[in-house]
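Here, each number is a calculation from the coordinates, and none is a lab measurement. The structure displayed is predicted, hence computed values, not measured ones. Cβ placement follows ideal geometry from the backbone for every residue including glycine, while neighbour counts extend to all protein chains displayed.
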Amino acid sequence: MNNHISLDYQVNRLGFWCAVIALVTGVISMALPLDAPEAYNAEHADRIAWLNANRGAFIAGWVNQIIAMFTLSGVLFAIAWQIRDKNPLRALIAAMVILMSVVAFIIPKFMAIWTIPLLAETAASGSMGAEMSDSLLLLLNVSIPFSLYTSFDYLGFWLYGVFAVLVMVPLYSDSTSSRVSAVVLGAFGVIYQVMLVALLVGAIGATEINSYFLGVSVLLLIVIIAMAFNFKAAMAGAAG
């Protein structure tokens, strides 16, 4: 096995295991809370009380989200690797876009496990800095789609959409898994850009952001499953 094939095998193996772990974290996320129940409409004081009472579960939920984000990004990075022969420039740009998305995603998720619990504790204690903590918690509300916090998350998903538009054509090949992934990624990328324009011109209301933008993100689940088969086949080809 020469160095090129060895690297090809390793990248596809990375993509495969990232796909598996991303699916596992998706299942785990259904059991872990990411915010107080009905946080969008909850009273601010009730949300602070919930954050303090459920601090461990809240942090665990967001640690799981960090793992999910890294592994999904790993899947997409491996996709960029797979198109390097057909269109090396797009592959390079796509990989750079994924790296930028990781930066966008990791900022709010790290704040969720570090900043938000400490702010909730300080705000509830009434000690020095309580007033500032109370104000910052409003800015960093993880359930309001137009808060400072969620803006970073939606930036990350928009970058995923840009990535999808870049790779959808060169990813389309003879295998069924590649075709499914290319078509679904293309649909995700195009729909996301259209919805962003609709939001900016006022066709999508602020209260509808989560329904539209998180709804279309479910398409990425199909990509993960299809690419798991693709990576497995590519590993076998590289090993041979």
- prompt: With all pairs of different alpha carbon atoms counted, what Kirkwood hydrodynamic radius in Å does the range 198-240 show?
  reply: 12.9 Å
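One quarter of the convex hull surface, Cα atoms only: what value does that give for the chain in nm²?
Working: hull surface 56.2 nm².
Quarter of the Cα hull surface area: 14.1 nm².
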- request: Give the order of Trp114, Trp17 when sorted by the count of other beta carbons within 10 angstrom, beginning with the fewest.
  value: Trp114, Trp17
- prompt: Of all the Cα-Cα pairs you can form in the range 90-130, what percent are over 16 Å apart?
  reply: 55 percent
- prompt: Quick one: putting +1 on the C-beta of Lys and Arg, -1 on the C-beta of Asp and Glu, what dipole do you get for the range 32-142 around its Cα centre, in Debye to the nearest 20?
  reply: 720 debye
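Stretched out fully, how many nm does the piece from Glu131 to Phe110 gain, at 0.36 nm a residue minus the Cα gap?
Numbers: separation 21, 0.36 × 21 = 7.56 nm, distance 2.22 nm.
This chain segment gains 5.3 nm when fully extended.
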message: For Ala206, project a label point 7 Å along Cα to C-beta. Then give me every residue of the range 133-150 with its amide nitrogen under 19 Å of that point.
response: 135-150
field: Degrees separating the helix 115-125 axis from the principal Cα axis of the chain, which is the longest one
entry: 10 degrees
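If you place +1 on the Cβ of every Lys and Arg, -1 on the Cβ of every Asp and Glu, and leave all else neutral, what size is the dipole of the range 91-225 about its Cα centre, to the nearest 20 Debye?
Details: 2 positive and 6 negative charges, 76 e Å.
Roughly 360 debye, rounded to the nearest 20.
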message: With θ taken as phi - 60° and the coefficients 6.51, -1.76 and 1.60, list the Karplus ³J(HN,Hα) couplings across the range 60-69 in order, rounded to whole Hz; mark glycine and proline as x.
response: 4, x, 7, 4, 4, 5, 5, 4, 4, 5
message: Can you give me the distance in nm between label points at Arg55 and Leu99, each placed 7 Å from the Cα along the Cα-to-Cβ direction?
response: 3.7 nm
query: So what's the back-of-envelope 222 nm ellipticity for the chain, counting only DSSP H runs of four-plus at -39500 (n - 2.57) apiece and dividing by all residues, rounded to 500?
result: -26000 deg cm²/dmol
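How big is the Kirkwood radius of the range 31-79, worked out from every pair of different alpha carbons and given in Å to one decimal? List each step's numbers first, then the result.
Details: mean 1/r = 0.0821 Å⁻¹.
This gives a value of 12.2 Å.
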- line: Projecting the Cα atoms of Ile67, Val24, Ala228 onto the charge dipole of the chain, where Lys and Arg contribute +1 and Asp and Glu -1 at Cβ, the residue farthest towards the positive end is Ala228
- prompt: Relative to the longest principal axis of the chain, what angle (0 to 90°, nearest 10) does the C-alpha long axis of helix 219-239 take?
  reply: 40 degrees
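Given charges of +1 on the Cβ of Lys and Arg and -1 on the Cβ of Asp and Glu, with all other atoms neutral, how large is the dipole of the chain about its Cα centre, in debye to the nearest 20? Could you put the intermediate results ahead of the total?
Numbers: 9 positive and 12 negative charges, 187 e Å.
Here the chain has a charge dipole of around 900 debye.
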- prompt: What do you get when you divide the Cα radius of gyration of the range 69-108 by 2.2 N^0.38 Å, with N the number of residues?
  reply: 1.17
query: For the chain, what relative contact order do you get, as a whole percent, if you take Cα pairs closer than 8 Å and at least 6 residues apart?
result: 25 percent
Overall dimensions of the range 66-205 by Cα: Rg and Dmax, Å: 18.7, 64
- request: With a Förster radius of 35 Å, plug the Cβ-Cβ distance of Thr176 and Val27 into 1/(1 + (r/R0)^6) and report the FRET value to the nearest 0.05.
  value: 0.90
message: Taking the 0 to 90 degree range and rounding to the nearest ten, how far is the long axis of helix 44-53 tilted relative to the main principal axis of the chain, both from C-alpha atoms?
response: 70 degrees
- prompt: Which of Pro145, Gly129, Thr115 sits closest to the plus end of the dipole of the range 70-147, meaning its Cα is farthest towards the positive end, when Lys and Arg get +1 and Asp and Glu get -1 on the C-beta?
  reply: Pro145
- request: Determine the distance separating the Cα centre of the range 11-29 from the Cα centre of the range 77-140; give it in Å without decimals.
  value: 20 Å
statement: Per residue, the convex hull enclosing the alpha carbons of the range 132-196 has a volume in Å³ of 80 Å³
